[in-house]
Amino acid sequence: MGVIHITELIKTFLIGIFFGTFGTTIGGLIGVNLKSNSNKFLGFILSFASGLMMAIICFDLLPEAMEIASLAVILLGILLGILTMIICDTLVKEKFSNKKGMNSLLRTGIIISIGLALHNIPEGLAIGTGFQASINLGLSLAIVIAIHDVPEGISMAVPMKNGGMKKSKVIFYVILSGITTGIGAFFGALIGGISQSIIAMCLAFAAGAMIYIVSGELTPEANNLYHGRMTAVGSMLGLLIGILAMSI
């Protein structure tokens, strides 16, 4: 590997980190500065996040995976993603079980951050492999991903802040979740000719992680916070905005 190649890898890694953390950080700053603490509003935000994630799963991650790999590979990736999140959820519950306050909200926020960090890895792979094809493609993918990350940052920050976490710590977690985009971009550039099955496995793994977050965390927590129509409205609005974002 030559010096030029190493320089390109470092540049791609830094670009991935910048764009991966920029959108989530903007969203996180919006989330920690939102004033409303009502259960109705919190339920709306969490259900909005669930709709957004379902759009990403159904119209981004899984369709891309299905184009390049077999159903068996995709199902294996989904199951591994779900299993990983179950393990993470169990560990987080043990860590925060003795803390007082809005434990479920705080746990939900942390689980979302872990899931989005996992989801950002295949996004980074897309940026890295995009740069291998052309600079314009890599940059356009990075910009689109940064835009997509703004509502994800909000959905991560709001439950953590309202669960009792300090604003500075919330922003730290939000930024941390975006760094994995840079890691994915690095490996995407490093192995531009990476096996299609591995890419599909990463996409399906992220989809499985997000399926667990939606069904095991966001939807139950949103319904616990508020039983009215706003949770359904939030979910539908999140889905529609997610579809629009996927079409950019």
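The values are calculated or read from the model by the stated rules, or taken from the named source; none is laboratory data. Remember, it's a predicted structure, so these values are computed and weren't measured experimentally. Because the Cβ atoms are built from the backbone with ideal geometry, glycine has one as well, and the counts that use them run over all protein chains shown. Surface accessibility is based on the protein's heavy atoms, side chains included, excluding ligands, DNA and RNA. Shrake-Rupley method; radii C 1.70, N 1.55, O 1.52, S 1.80 Å.
Of the residues Ala126, Tyr173, Phe41, the one whose Cα sits farthest toward the positive end of the charge dipole of the chain, with +1 on the Cβ of Lys and Arg and -1 on the Cβ of Asp and Glu, is Phe41. Sequentially through the range 51-56, phi angles give Karplus couplings (6.51, -1.76, 1.60; θ = phi - 60°) of x, 4, 5, 5, 5, 5 Hz, Gly and Pro residues having no value and appearing as x. The distance separating the Cα centre of the range 139-154 from that of the range 178-248 comes to 12 Å. Please state the shape class of the range 55-177: rounded when a/c is under 1.5, otherwise prolate if a/b exceeds b/c and oblate if not, all from the C-alpha gyration tensor. Since a/c reaches 1.5 but b/c is at least a/b, the shape of the range 55-177 is classed as oblate. Here each label is just a point 7 Å from Cα along the line to Cβ, and for Leu71 and Ile86 those points are 2.2 nm apart. Residue by residue, the range 65-71 carries 3J(HN,Hα) couplings of 5, 5, 6, 10, 8, 6, 4 Hz when phi is fed to the Karplus relation 6.51 cos²θ - 1.76 cosθ + 1.60 (θ = phi - 60°); x denotes Gly or Pro. Over all other residues within a Cβ to Cβ distance under 12 Å of Leu34, the charged ones net out to +3, with Lys and Arg as +1 and Asp and Glu as -1. For the range 23-146, the dipole from Cβ point charges (+1 on Lys and Arg, -1 on Asp and Glu) about the Cα centre works out to 760 debye, to the nearest 20. Diffusion of the range 1-124 by Stokes-Einstein, at 25 °C in a medium of 0.890 mPa s and with Rh set to the Kirkwood radius over alpha-carbon pairs, works out to 141 µm²/s. Of the accessible area of the range 58-162, computed with a 1.4 Å probe over protein heavy atoms only, carbon and sulfur atoms account for 69 percent. In terms of overall dimensions, the C-alpha atoms belonging to the range 104-242 reach 48, 31, 23 Å along their principal axes, ordered largest to smallest.
Go through the range 152-248 and name the chymotrypsin sites (Phe, Trp or Tyr not before Pro) that are in a DSSP coil and have 10 or fewer other Cβ atoms within 10 Å of their Cβ. Here no chymotrypsin sites (Phe, Trp or Tyr not before Pro) fit, given the DSSP loop and packing criteria. For the chain, adding -39500 (n - 2.57) for each run of n ≥ 4 DSSP H residues and dividing by the number of residues yields -29000 deg cm²/dmol at 222 nm.
In degrees between 0 and 90, to the nearest 10, how far off the longest principal axis of the chain does helix 167-190 point, with axes built from Cα atoms? It is inclined by approximately 20 degrees.
Against the main long axis of the alpha-carbon atoms of the chain, helix 230-246 sits at an angle near 10°. With the cut-off at 19 Å, tell me which of the pairs Lys40/Lys95; Lys35/Lys166; Lys35/Lys167; Lys11/Lys169; Lys95/Lys169 have Cα atoms farther apart than that. Distance filter (> 19 Å) returns Lys40/Lys95; Lys11/Lys169. Site pair Leu190 and Lys40 shows an inter-label distance of 5.1 nm when each label is modelled 7 Å from Cα along Cα→Cβ. Trypsin sites (Lys or Arg not before Pro) within the range 114-210: which are DSSP loop residues with at most 14 other Cβ atoms inside 10 Å? Loop-located and lightly packed - Lys166. Remark on the range 9-63: hydrodynamic radius 13.6 angstrom, per the Kirkwood mean of 1/r across alpha carbon pairs.
Axis angle, to the nearest 10 degrees, between helix 135-162 and the longest C-alpha principal axis of the chain: 20 degrees.
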